[in-house]
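Contents: one structure, followed by commentary.
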Amino acid sequence: HSISIELQESPSSNYKSNKAKDQHFQILAKQNNVLILGTQSFGKGRIFTEQGIINSYLSQIENEGYKLVYIRDEAHIGGEASGKYKSSYVDLDEDIDFKVQLANTKKDEQRFELLMQNAAHFIIKMTATPKGKNDLIQ
């Protein structure tokens, strides 16, 4: 089986010509596909957020039985439980119901993190400068 690697970046919805708003964007799950998404692709003023692209992608993964492996680089930034809200990079708190966490999370970037972590079959957090309470694998 071959592996494909794909980079997806969301255009800004504030783009001067507004051409991006008139386009239809989607991210499709594919077998053996590595999809690279920057967190800057999600948030206020981003097409992927405004058009619900990540929600559609995660629904497809669930409905078609794909397994999501979520790899987050720069994992030394943030990593607080979602209730602390210090960073865009929050961690899903398994002691609190997911729907409650999502409802209490207002920032789109934090919602992206929670959605991805909740949907993931496996999560890898990479960093060159580790900190925090999580076990390390070197």
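Quick look at the values:
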| quantity | calculated |
| --- | --- |
| Single condition Leu68 does not satisfy, out of (1) at pLDDT below 85; (2) touching a helix residue (DSSP H, G or I) at 6+ places or on another chain (Cβ under 6 Å); (3) over 17 Å from Phe25 (Cβ atoms); (4) not hydroxyl-bearing (Ser, Thr, Tyr) | (1) |
| Considering residues of the range 45-71 that are outside any helix (DSSP H, G or I) and small (Gly, Ala, Ser) only, the residue surrounded by the most Cβ atoms within 10 Å (Cβ to Cβ) | Gly45 |
| Boolean, Ser17 is farther than 15 Å from Gln110 by Cα, at pLDDT 75 or above, among the hydroxyl-bearing types (Ser, Thr, Tyr) and surrounded by fewer than 15 Cβ atoms within 10 Å (Cβ to Cβ) | no |
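Residue-by-condition table, conditions (1) in contact with a helix residue (DSSP H, G or I) (Cβ under 6 Å, 6 or more places away or on another chain); (2) closer than 22 Å to Glu50 by Cα; (3) modelled with pLDDT of 70 or more; (4) surrounded by 17 or more Cβ atoms within 10 Å (Cβ to Cβ):
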position	(1), (2), (3), (4)
Lys84	no, no, no, no
Val90	yes, yes, yes, yes
Glu94	no, no, yes, no
Asp108	yes, yes, yes, yes
Phe122	no, no, yes, no
Gly132	no, no, no, no
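The values are calculated or read from the model by the stated rules, or taken from the named source; none is laboratory data. Because the structure is predicted, anything quoted here is derived from the model rather than measured. Please note: Cβ atoms are built from the backbone with ideal geometry, for glycine as well, and neighbour counts cover all protein chains shown.
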